[in-house]
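Note sheet for the following structure.
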Amino acid sequence: MYFHKRMKTDAQTALPVLKEALGLLELLEDYSLESLKGALMGLVEKLQIKNGQLLWPLRVAITGTPVTPGGAVEAACLLGKEETLTRLKTSIDNIK
């Protein structure tokens, strides 16, 4: 499910990005849409990757599906911190 031809992602390229996102999201206090978006876009810049190379795997990891009404940021905001982190940890374990 992590494969996306245009974003050049698969499970192996998603794993390190998801681990980085997990570390960031664990530290984040404010799970508002604006806060999440700012933090994740900062991570994109830090890792020097395209937005989709983070947001695509993150959406799949926390929703379990490649197609959702909103993106990864919206899903994380709606799910809240605890559920997002639980799903993200589970997805990381499943990739390993």
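For region 8-50, enumerate the residues that are in contact with a helix residue (DSSP H, G or I) (Cβ under 8 Å, 6 or more places away or on another chain), among the polar types (S, T, N, Q) and within 23 Å of residue 78 (Cα to Cα). Scanning region 8-50 gives a single hit, 32. Pick out the one residue from 50, 89 that is open to solvent by 60 Å² or more (accessible area, probe 1.4 Å), of a type in the set (Lys, Arg) and at pLDDT 95 or above. Testing whether each residue is open to solvent by 60 Å² or more (accessible area, probe 1.4 Å), of a type in the set (Lys, Arg) and at pLDDT 95 or above leaves just 89.
To keep it simple, each residue is scored yes or no on (1) open to solvent by 50 Å² or more (accessible area, probe 1.4 Å); (2) within 10 Å of the chain's Cα centre (by Cα); (3) at pLDDT below 95; (4) closer than 19 Å to residue 93 by Cα.
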{"site": "4", "(1), (2), (3), (4)": "no, no, yes, no"}
{"site": "9", "(1), (2), (3), (4)": "no, no, yes, yes"}
{"site": "14", "(1), (2), (3), (4)": "no, yes, yes, yes"}
{"site": "20", "(1), (2), (3), (4)": "yes, yes, no, yes"}
{"site": "39", "(1), (2), (3), (4)": "no, no, no, no"}
{"site": "42", "(1), (2), (3), (4)": "no, no, no, no"}
{"site": "57", "(1), (2), (3), (4)": "no, yes, yes, yes"}
{"site": "70", "(1), (2), (3), (4)": "no, no, yes, no"}
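The values are calculated or read from the model by the stated rules, or taken from the named source; none is laboratory data. Fair warning: this is a prediction, and the values are worked out from it, not measured in the lab. Cβ sites come from the backbone with ideal geometry, for glycine too, and all protein chains shown count toward neighbours. Just the protein is used for accessible areas: all its heavy atoms, side chains included, with ligands, DNA and RNA removed. Shrake-Rupley method; radii C 1.70, N 1.55, O 1.52, S 1.80 Å.
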